[in-house]
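K.L.:
Input: one structure, supplied below.
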Amino acid sequence: MVSERMSPTQRRVLLIAILASFVAFLDGAVINVALPAISKELGGGLPLQQWVVDGYLVTLGSLILIAGSLSDVFGRKRVLYAGLIGFLITSLLCAFAPTGVFLVVARALQGVAGALLVPSSLAIIISTFSGAAQAKAIGRWTAWTGVAMIAGPVLGGVFVDTLSWRWVFVINVVPIGITLAMMLGLKQEDHGMGGRVDVLGAVLGSVGLAGTVFALIEQGVYGWGSPRVFLPLILGLVSLAAFFFWQTRAKQPMLPLGLFRVHNFWVGNIATALVYGALAFAPLTVTLYLQQVAGFAATAAGFVFIPSTLCMLLLSGVFGGLAGKYGPRLFMAIGPVIAACGFLWLLMMGEDVNFWTNLLPAVLLFGVGLSITVAPLTSAILGSIHPAQAGIGSAVNNAVSRIAGLVTVAMIGLIVGGTLDRAGLDRAMITAAALMLVGGIVSAIGIRNHEPAAEKVQTVVD
């Protein structure tokens, strides 16, 4: 029997990847509960609160493809170094922001650095591990990044209540400092594939995603008929169309379209859009309902999803390893169905919420379903392509999940109505459950447990 113990280099790489991506995911989630305190100190009201969140999301979502391409061309370690140092500097700029405008600009720059972290951190796992060990490592990475997204509101609430909202950003110094120190001792060679960056593709892709994302965010405030919404939307869609056209002509495209001829890659990304759309939409709606209708404090509402966090910590690595051994299809089919049952359980919840009977069973079902799904989903997608393209493959998958979340969150008002009430919550949970169920069906029908090796080779040739 082959030992499943990791080598010292593999252990170090996994810890580096977890810590590097943890801060990027944490910062996207931790800010929500700090917004009232930020507005109270810096002024600006609702517009400032919105842009403190949106400034980060727009640059992160629009630049993540470029970051994946850069990590493949110049090497994962170099891009990861740049992302970590950039995130450290911009976190301190946010922490010491004297005005609201300064904070929004710093958050946008922080999103640029965050875009460098996520695909590069996952790519070094792909290039260091293989086979079942790779799937298990991805499972552990998934567990901790999932923890960051779910536990962020709790951690933010603690800092805001006991210290200051500024500590939400200062705390990033600790994991970044540890990660940089660990990378100094990493002897692994990583020079990248070389070549040239697709500058025109990078510009078209970033403008396309930024314009589209901006429109999706702003339409909830100004409506689709406002020039502030439809002009960026038109610019974004035209730029995206031009981007895909250019990718068929460029000698060294930023996004090799041959990736989408790999069966598990394109099927897995459809499943990603459905699952992560529900993942972004449902917990946010539940958290808002608990605060606005059920009377929960912000920190208490954040603590509701702690059981999901524990499930992911305990189970994601296990199911990642099982997917590596038996194939991802069964897990990707069953996991979303279990998570959907968690959302449907909340249909029994009224305005007087009992944590033990209304919330805990639903949150546990959600956590178990997510643990079964996410690591096999990630390993199925990235395990289907050549390791040399792990950076861009990871970036594409992350861009799909981010954009899916932005779309579903932008549709909250359309689904729940003008105000979030009991009927609106029911519609939201049914919608989230439907997305999860369809994601499970797509995986059950489309995912292959063993991707033909020829497809991997083809993507590199392209």
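K.L.:
Between the range 246-304 and the range 331-356, what's the alpha-carbon centroid distance in Å?
P.N.:
The distance from the Cα centre of the range 246-304 to that of the range 331-356 comes to 18 Å.
K.L.:
Contour minus end-to-end for ILE306 and GLU41, with contour as 0.36 nm per residue of separation and end-to-end as the Cα-Cα distance?
P.N.:
The ILE306-GLU41 span can extend by a further 92.5 nm.
K.L.:
Fully extended, how many nm does the chain gain between ARG427 and PHE245 (0.36 nm per residue separation, minus their Cα-Cα distance)? Let's see the in-between values first.
P.N.:
Details: separation 182, 0.36 × 182 = 65.52 nm, distance 3.85 nm.
Working it through step by step, the gained length comes to 61.7 nm.
K.L.:
Using only the alpha carbons of the range 297-371, what is the convex hull's orientation-averaged projected area in square nanometres? Write down the numbers at each step before the final one.
P.N.:
Values: hull surface 20.7 nm².
Mean projected area of the Cα convex hull: 5.2 nm².
K.L.:
Same structure, new question: THR99 versus VAL174, label points 7 Å from Cα toward the beta carbon: distance in nm?
P.N.:
Once both label points are built, they end up 3.3 nm from each other.
Readers should treat all values here as calculations from the given coordinates under stated rules, not as data from a laboratory. Treat the numbers as computed from the prediction; the structure is a model and nothing was measured. Methodologically, a virtual Cβ is constructed for each residue, glycine included, from the backbone with ideal geometry; neighbour enumeration extends over all protein chains shown.
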